[in-house]
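The values are calculated or read from the model by the stated rules, or taken from the named source; none is laboratory data. A quick note: this is a predicted structure, and the numbers were derived from the prediction, not measured. All Cβ positions, even for glycine, are placed from backbone atoms using ideal geometry, and neighbour counts span all protein chains on display.
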Amino acid sequence: MSIDVIGKTAGNTLYSSTVVVDNTAPVFFTFDYEGIDELLFTPYGGTDADDEDVGDGNYFVMDDFTFNIVNVPEPAGIALLLSGCIVLLGMRRRIQS
């Protein structure tokens, strides 16, 4: 089975990969997609399982899916930090005078 993996931001595709998986053993993949707000998995080309209760070849299972959120400071937070530094510098000058 193949799986198209697409990473998007604001509806625009930033990353696109196709992975091939096997139903006999687990397969590990690392994508390293950064700056996305949507992740799409589209499986295709799978074969029917011999067991009727398993599925029709268009489904897959993921285990140990990991994602990391990178905290980016907001502009308001940076402005607050800078204003605090300016106040501290002003107080330092006043004490030295």
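Points to keep in mind about this one:
- Considering only residues in segment 28-61 that are hydrophobic (A, V, I, L, M, F, W, C) and loosely packed, with under 10 Cβ neighbours inside 10 Å, the one that is modelled with the highest pLDDT turns out to be Phe28.
- Total residues in segment 1-19, condition over 15 Å from Met62 (Cβ atoms) and out of contact with any Gly (no Cβ under 9 Å at 6 or more places or on another chain): 6
- Test: Thr24 is in contact (Cβ under 8 Å) with a residue 24 or more places away in the chain and over 12 Å from the mean Cα position of the chain (by Cα): no
- Hits in segment 62-84 (condition: of a type in the set (Asp, Glu) and modelled with pLDDT of 80 or more): Asp63, Asp64
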